[in-house]
Amino acid sequence: MNFSKSDKSKIGNALIYAINHCSSPISKTKLLKLVYLMEETMAKVYHTPFLSLPYEVWQYGAVQKDLYAELSDGCLSILRDYIGVGEDGNFVAKQDFDDEEFSDEEMEMMKSVLDKYGNKTANQLVNLIHKKNSLWYRTAKRNGVLKSFKEGLATTSPYLIDLTEDMDECQKQDYIQCKEIRETASELRSKANV
């Protein structure tokens, strides 16, 4: 993905917020799950995207594959100014949190998600996302990958989670319109290198 400076700042600061508000060290899996829960909560509560990133159905939950790649290589590139890897292998903030990119609703949502899930382990978060009626579960079931995941035959899939699945038509239209506006703005900022 090609991120504008503003996108990088918002993603980086969302990760800093999560790291700073967890009661225990934060692993890659836990960080990825918390980011997804923020995105899902923003969609469910406010019917707007948070980071406007696509999430795929993988064996261990909903995953944003570009963020997964960034956090996996041990050598952060896009987000290196925001977070790093500590000696224990967990993520650490490299700067103070900056709320400039966030609306009041987004700040409220992040606080709510971290208050509710920040003390959970990565495995507990995976289990939460895997609950029988969750968006992850329904998407995995609908696309026939649950058995492959359970038997260890697959760890990833190309199937995207539709965060609007549980919305009524008006809410879906609001979400889609907001997402399109944000994507257009992001593309323009990226071209302008802002």
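Taken over segment 129-143, the residue count meeting the criterion of being within 24 Å of Ile26 (Cβ to Cβ), open to solvent by 20 Å² or more (accessible area, probe 1.4 Å) and in contact (Cβ under 8 Å) with a residue 12 or more places away in the chain is 1.
Scanning segment 42-93 for residues that are at positive phi and touching a residue at least 40 places away in the same chain (Cβ under 8 Å), we see that the one that is farthest from the chain's Cα centre (by Cα) is Gly89. Inside segment 59-85, can you point out the residues that are open to solvent by 20 Å² or more (accessible area, probe 1.4 Å) and out of contact with any helix residue (DSSP H, G or I) (no Cβ under 8 Å at 6 or more places or on another chain)? Selection gives Lys65, Asp66, Ala69, Asp73, Gly74, Cys75, Arg80, Val85. For Ser148, the conditions (1) within 24 Å of Glu101 (Cα to Cα); (2) open to solvent by less than 80 Å² (accessible area, probe 1.4 Å) are fulfilled apart from (1). Candidates in segment 96-148 are the residues that are of a type in the set (Ser, Thr, Tyr) and out of contact with any strand residue (DSSP E or B) (no Cβ under 8 Å at 6 or more places or on another chain); of these, the one that is farthest from Ser6 (Cα to Cα) is Ser148.
Residue-by-condition table, conditions (1) acidic (Asp, Glu); (2) at pLDDT below 95; (3) over 16 Å from the mean Cα position of the chain (by Cα):
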| site | (1), (2), (3) |
| --- | --- |
| Leu114 | no, no, no |
| Thr139 | no, no, yes |
| Asn143 | no, no, yes |
| Ser148 | no, no, yes |
| Leu153 | no, no, yes |
| Lys179 | no, yes, no |
| Leu188 | no, yes, yes |
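Hey, could you check segment 166-187 for residues that are touching a residue at least 12 places away in the same chain (Cβ under 8 Å) and outside any helix (DSSP H, G or I) and say which is surrounded by the fewest Cβ atoms within 10 Å (Cβ to Cβ)? Out of the qualifying residues, it is Asp166.
The values are calculated or read from the model by the stated rules, or taken from the named source; none is laboratory data. Keep in mind that what you see is a predicted model, and the values were worked out from it rather than measured. Heads up, the Cβs are rebuilt from the backbone with ideal geometry, glycines too, and the neighbour counts pull from every protein chain shown. Ligands, DNA and RNA are stripped out before the accessible areas are found, and what is left, the full protein with its side chains, is counted by its heavy atoms. Shrake-Rupley method; radii C 1.70, N 1.55, O 1.52, S 1.80 Å.
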